[in-house]
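Since every read-out is calculated from the coordinates, none of them should be taken as a lab result. This structure is a prediction, so every number in the text was calculated from the model and none was measured. When we count neighbours, we look across all protein chains shown, and the Cβ atoms used for this are built from the backbone with ideal geometry, even at glycine.
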Amino acid sequence: MAIPCAVAMAAEPELLKLAGDLGTHDPVIIREGNTYYVFCTGRVPGGGGIIPIRSSTDMRNWKLSGAVFEKLPDWVAQEVPKARDAWAPDISFFNGKFHLYYSLSSFGVNESAIGLATNLTLDPKSPKYKWVDEGLVVHSRTGQDDFNTIDPNLALENKNTAWLNWGSFWGGIKMKRIDPKTGKLSPKDTRLYSLASRPRLKPHVTPPVEGAIEAPFLVRRDGWWYLFVSFDFCCRGVRSDYNVVVGRSRKVTGPYLDRNGKPMTEGGGTPVVSAATPNWHGAGHEAVFLDNGVDYLLFHAYDAKTGRPQLQISSMVWESGWPRVATMP
């Protein structure tokens, strides 16, 4: 979810020292009360529930705390028959409910969909705790759409205006307006906005091997909208070269430009997190989180020895209107 950011108090960004169950991919975070919750791609280790949930009371020590679904909702088999898991969730709170958008697809195709589940609370001990399947939000079809409906992210412009952005490869990052009352696409404004893309040198290859861009995340700060995205490739273990870039716009609908003025629709993007360090590779699928006046960037990175993805959290500072995070070791 996109949240208004505050000025970070620390002079230098800090990479938090994390412990516990950190094996996450495509993380997103939210806080309810004194507890932080991280949602991520896939299943509980061992083949359990879908969209694992991890919790912490200090944002540093994490434990597995269940999952959103025991199995995929029944409608998924008809809409996205190749989907076996749910990917890249996004969590937000509005209109009295937590809204979790999630992706349904399979590798290398844009026969994909975004679904929605809601809950009144994230506390599994509460009698109000129950994930409700709200069904399909948007889908893309092979041969019909030049975009891929995965990696959703919700941006709240005001109490009456919300936006859902998404995208992976193909035509890049897209966005449509959402009705905040339903959490579904707006029937009044049906325009499809293009926010960012990368030139595809081999446009007729399927799946596309160029134009690697995905995982959008929008935040608002000091009159600007910032669009964070991940460039290049995830999901290749130590060979992953994911990295995070950002651009900004005065309007949520764009155009987004990087620090050098290059449009993100033409491949622009100011680096935020590099692809590799001695101990970590493929850092990406970012999410921004504001907590107690400090901005944080979450992402996953692959251990350079094992190739396994792990949760990373860095505080984020702003310099001349652009974000900076700590460097991984």
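Side notes on the structure shown:
- Förster radius 51 Å - calculated FRET efficiency between Asn95 and Arg308 (Cβ-Cβ, nearest 0.05): 0.85
- Once the convex hull of all Cα atoms in the stretch 19-325 is built, its volume per residue stands at 134 Å³.
- Val138 long-range amide H proximity, modeled H, under 5 Å: Ile114
- Look at Phe39, Phe231 and count the other Cβ atoms within 10 Å of each Cβ; fewest to most, that gives Phe231, Phe39.
- Other residues with beta-carbon under 12 Å from the beta-carbon of Leu22 carry, at +1 per Lys or Arg and -1 per Asp or Glu, a net charge of +3.
- In sequence order, calculated HN-Hα J values of the stretch 279-291 (Karplus, 6.51, -1.76, 1.60; Hz; x Gly/Pro): 10, 9, 10, x, 6, x, 6, 7, 8, 9, 9, 9, 8
- Taking other residues whose beta carbon is less than 13 angstrom from the beta carbon of Glu79, and scoring Lys, Arg as +1 and Asp, Glu as -1, yields -1.
- When the trypsin sites (Lys or Arg not before Pro) in the stretch 44-119 are filtered for DSSP coil states and for at most 16 other beta-carbon atoms within 10 Å of their beta-carbon, the remaining sites are Arg60, Lys71, Lys82, Arg84.
- Amide proton proximity set for Asn243, modelled H, under 5 Å, gap of 5+: Phe231
- Residues listed by number, the stretch 170-188, amide nitrogen under 18 Å from Lys82 label point at 7 Å toward C-beta: 170-172
- FRET efficiency for Lys262 and Lys71, using Cβ-Cβ distance with R0 set to 41 Å, rounded to 0.05: 0.40
- Chymotrypsin sites (Phe, Trp or Tyr not before Pro) restricted to DSSP loop in the stretch 102-202 with at most 14 other C-beta within 10 Å: Phe107, Tyr129
- Each helix, a run of at least 4 DSSP H residues, gives -39500 (n - 2.57); summed and divided by the residues of the chain, these come to 0 deg cm²/dmol at 222 nm.
- Of the trypsin sites (Lys or Arg not before Pro) in the stretch 227-308, the ones in a loop by DSSP (not H, G, I, E or B) with at most 16 other beta carbons within 10 Å are Arg236, Arg250, Lys251, Arg259, Lys305.
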